[in-house]
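Take a look at the structure below.
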Amino acid sequence: MYQLIDGKAISATIKDEVKNEIAKLKNLGREVTLAVVLVGNDPASAVYVGNKKKACEYVGIRSLSFEMPETTSEDELIKLIDELNGRDDVDGILVQLPLPSGINEEKILDRISPLKDVDGFHPVNVGKLVIGKEGFVSCTPAGIIELIKRSNIDICGKNCVVVGRSNIVGKPMAALMLRENATVTVCHSKTVNLKEVTSKADILIVAIGKPKFITEEFVKDGAVVIDVGIHRLEGKKLVGDVDFDSVCEKTSFITPVPGGVGPMTIAMLMKNCLTAVSLNGK
């Protein structure tokens, strides 16, 4: 019988832990501040930003909102980021993606100071992750590690397969699992005999952006399955990259969609804002 990994419950615990640490800092006269930049009027982005503001309010982080019109130029956005980089009262900077056409996302993310890069996307922080130095880690992969550890699942020595090689999830996920002493294989669209590779995984992490792609023949008996994907089907039903109904009975642990990985991303963003205090040495 499989066990569901409850991302809602685990994320709530992490936010409460952050809330307690933030309260201690406030007692010492130290306020933690996150600057959130939203460019344009993408409805989904507005929802994500709203959720991040609510999380900040809950844990006691001051959030500064910078909402810029669709017509904002790349130079104008860079000017704002430079200003926020220089502000002593700003600990973290988050630029909500996607950005409007005409603005180079990579250039913008690289402009954020590595010491304020709470999304963990800056090349300096990615490099620190790979070589094992302290820095910000991309929120979704960091959240997955917490899901696994807090479910008392042993990672050390296990065969881990990551399906997907994006800069935001797949690559940092592989690096984090290596840090935890797993044996890691990364699969992608060019992988030959994908089912053969994934069916040997003790821990299978799927982030490929294809609804219900992973079915039971991809999964080893007793595997831990982490589903990063989220898709809205006709009829508004939410599903992941894993076909939950066909896979769940083969697993020992599995994340649901929704309520698995999703809630962890914002929880880890809050934790990264707390980390920013020590990284900035203030």
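The values are calculated or read from the model by the stated rules, or taken from the named source; none is laboratory data. Nothing here was measured: the structure is a model prediction, and the numbers come from that model. So basically every Cβ, Gly included, is an ideal-geometry build from the backbone, and we count neighbours across all protein chains shown.
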Item to complete: Can you tell me which residue within the range 152-171, out of those that are in a loop (DSSP other than H, G, I, E, B) and among the small types (Gly, Ala, Ser), is nearest to Lys190 (Cα to Cα)?
Response: Gly164
Worksheet item: When residues of the range 100-124 are filtered for being in contact with a Pro (Cβ under 8 Å, 6 or more places away or on another chain) and closer than 16 Å to Thr265 by Cβ, how many remain?
Response: 1
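What number of residues within the range 116-137 satisfy the criterion of being polar (S, T, N, Q) and farther than 23 Å from Gly86 by Cα?
Within the range 116-137, the first condition is being polar (S, T, N, Q), and the residues that meet it are 125.
Narrowing further to those that are farther than 23 Å from Gly86 by Cα: none.
Residues flagged as polar (S, T, N, Q) and farther than 23 Å from Gly86 by Cα within the range 116-137 amount to 0.
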Worksheet item: Of the residues Lys200, Lys190, Lys212, Lys236, which is under 15 Å from Cys160 (Cβ atoms), assigned to a loop (DSSP other than H, G, I, E, B), basic (Lys, Arg) and in the same structural domain as Val162 (by TED's automatic domain parsing)?
Response: Lys200
Item to complete: Please state which of the following conditions Asp154 fails to meet, knowing it meets all the rest: (1) within 30 Å of Ala46 (Cβ to Cβ); (2) in the same structural domain as Val206 (by TED's automatic domain parsing); (3) without any contact (Cβ under 8 Å) to a residue 12 or more places away in the chain.
Response: (1)
Discussion item. Restricting to the range 75-125, name every residue that is touching a residue at least 24 places away in the same chain (Cβ under 8 Å), assigned to a helix (DSSP H, G or I) and either among the acidic types (Asp, Glu) or out of contact with any Asp or Glu (no Cβ under 8 Å at 6 or more places or on another chain) (or both).
Written reply: Leu77, Ile78, Leu80, Ile81, Asp82, Leu84, Asn85
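Quick test for you: out of Glu83, Glu106, Glu67, pick the one residue that is at negative phi and surrounded by 13 or more Cβ atoms within 10 Å (Cβ to Cβ). Break it down into steps so the answer makes sense when it comes.
Details: Glu83 fails: surrounded by 13 or more Cβ atoms within 10 Å (Cβ to Cβ); Glu106 fails: surrounded by 13 or more Cβ atoms within 10 Å (Cβ to Cβ).
Sole residue among the options that is at negative phi and surrounded by 13 or more Cβ atoms within 10 Å (Cβ to Cβ): Glu67.
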Worksheet item: Out of the residues in the range 186-229 that are polar (S, T, N, Q) and within 25 Å of Val130 (Cβ to Cβ), which is surrounded by the most Cβ atoms within 10 Å (Cβ to Cβ)?
Response: Thr198
Worksheet item: Just wondering, is there one or more residues in the range 175-185 that are closer than 18 Å to Met264 by Cα and buried (at least 19 other Cβ atoms within 10 Å of the Cβ)?
Response: yes
Discussion item. I'm told Pro141 meets every condition in (1) of a type outside the set (A, V, I, L, M, F, W, C); (2) farther than 16 Å from Phe253 by Cβ; (3) surrounded by fewer than 24 Cβ atoms within 10 Å (Cβ to Cβ) except one. Can you identify the failing condition by its number?
Written reply: (3)
Item to complete: Could you figure out which of (1) surrounded by fewer than 18 Cβ atoms within 10 Å (Cβ to Cβ); (2) assigned to a helix (DSSP H, G or I); (3) not assigned by TED's automatic domain parsing to the domain that holds Glu196 isn't true of Lys149?
Response: (3)
Practice prompt. Specify which of the listed residues (Lys128, Lys195) is over 27 Å from Met270 (Cβ atoms), in a helix (DSSP H, G or I) and modelled with pLDDT of 95 or more.
Written response: Lys195
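Has the range 70-79 got at least one residue that is of a type in the set (A, V, I, L, M, F, W, C) and under 23 Å from the mean Cα position of the chain (by Cα)?
Filtering the range 70-79 for residues of a type in the set (A, V, I, L, M, F, W, C) gives 77-78.
Next, only the ones that are under 23 Å from the mean Cα position of the chain (by Cα) stay: none.
No, there is no match, as no residue in the range 70-79 is of a type in the set (A, V, I, L, M, F, W, C) and under 23 Å from the mean Cα position of the chain (by Cα).
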